[in-house]
Amino acid sequence: MEDCIFCKIIKGELPSYTIYEDEILKVFMNIDPSTNGHLLLIPKKHLVTVLDIDQNFISHALEIIQKKIYPLLKEKLNCEGLTISQNNFYGQEVKHFHIHLTPRYQEDLVEFSYNKEKLLDIEEVYQKLVN
Ligand code: AMP
Ligand code: ZN
């Protein structure tokens, strides 16, 4: 994809602080981090949302996170936890599939905000989902 900034990063046309890469994926530093060590994991292939991703990729990504990235973040940055998140279309600024790996620290103030007033009754939502 010619205009995709993450494809450009993969091709080396844009710089990145790469932490890990192999033939399937790349992990690099988020240029606008929420916490110290906020990383992005992306497939080398241009795919957009979770609907495009196959199970082999997820399985490989999980293995890299479990065996390399999370241990690295714990050891080098002393994080207390890791939040793994991923936006699909809504809230997705870059339309190249990416997983946020956000190390967590005491009092980092990272939170999702949400509009409680717009929420439907939980029973109503449940009925929509199961009927
Ligand atoms: P999202 O809102 O889930 O699409 O997240 C996109 C993320 O990509 C944002 O957190 C940006 O800070 C990050 N980002 C955008 N451009 C770059 C770049 N050139 N290098 C590293 N991270 C980037
Ligand atoms: Zn791309």
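The values are calculated or read from the model by the stated rules, or taken from the named source; none is laboratory data. This is a predicted model, so every value here is computed, not measured. Virtual Cβ from ideal backbone geometry, glycine too; neighbours counted across all protein chains shown.
Can you tell which of Cys79, Cys7 is buried (at least 17 other Cβ atoms within 10 Å of the Cβ) and either among the basic types (Lys, Arg) or touching a Pro at 6+ places or on another chain (Cβ under 8 Å) (or both)?
Details: Cys7 fails: either among the basic types (Lys, Arg) or touching a Pro at 6+ places or on another chain (Cβ under 8 Å) (or both).
Just a single option satisfies the conditions, and that option is Cys79.
Have a look at Leu51, Leu14 and point out the one that is without any contact (Cβ under 8 Å) to a residue 12 or more places away in the chain, among the hydrophobic types (A, V, I, L, M, F, W, C) and part of a loop (DSSP other than H, G, I, E, B).
Values: Leu51 fails: without any contact (Cβ under 8 Å) to a residue 12 or more places away in the chain.
Result of the check over Leu51, Leu14: Leu14.
Checking each residue in segment 54-84 for being free of Cβ contacts under 8 Å to residues at least 24 places away in the same chain and hydrophobic (A, V, I, L, M, F, W, C) picks out Ile58, Leu62, Leu82, Ile84.
Being closer than 26 Å to Glu21 by Cα, without any contact (Cβ under 8 Å) to a residue 24 or more places away in the chain, exposed (fewer than 11 other Cβ atoms within 10 Å of the Cβ) and of a type outside the set (A, V, I, L, M), is that true of even one residue in segment 88-99? Talk me through it step by step, then tell me what you get.
Of all residues in segment 88-99, those closer than 26 Å to Glu21 by Cα come to 88-89, 91-99.
Now restrict to residues that are without any contact (Cβ under 8 Å) to a residue 24 or more places away in the chain: 91, 93.
Now narrow it down to the ones that are exposed (fewer than 11 other Cβ atoms within 10 Å of the Cβ): 91, 93.
Okay, now just the ones that are also of a type outside the set (A, V, I, L, M), so 91, 93.
For segment 88-99, residues closer than 26 Å to Glu21 by Cα, without any contact (Cβ under 8 Å) to a residue 24 or more places away in the chain, exposed (fewer than 11 other Cβ atoms within 10 Å of the Cβ) and of a type outside the set (A, V, I, L, M): present.
Are any of the residues in segment 66-73 at pLDDT 95 or above and over 30 Å from Ser113 (Cα atoms)? Yes, that holds for at least one residue.
Note on segment 74-114: among residues that are more than 16 Å from ligand 2 (Cβ to nearest atom), at pLDDT 95 or above and polar (S, T, N, Q), the one that is farthest from Asp3 (Cα to Cα) is Gln106.
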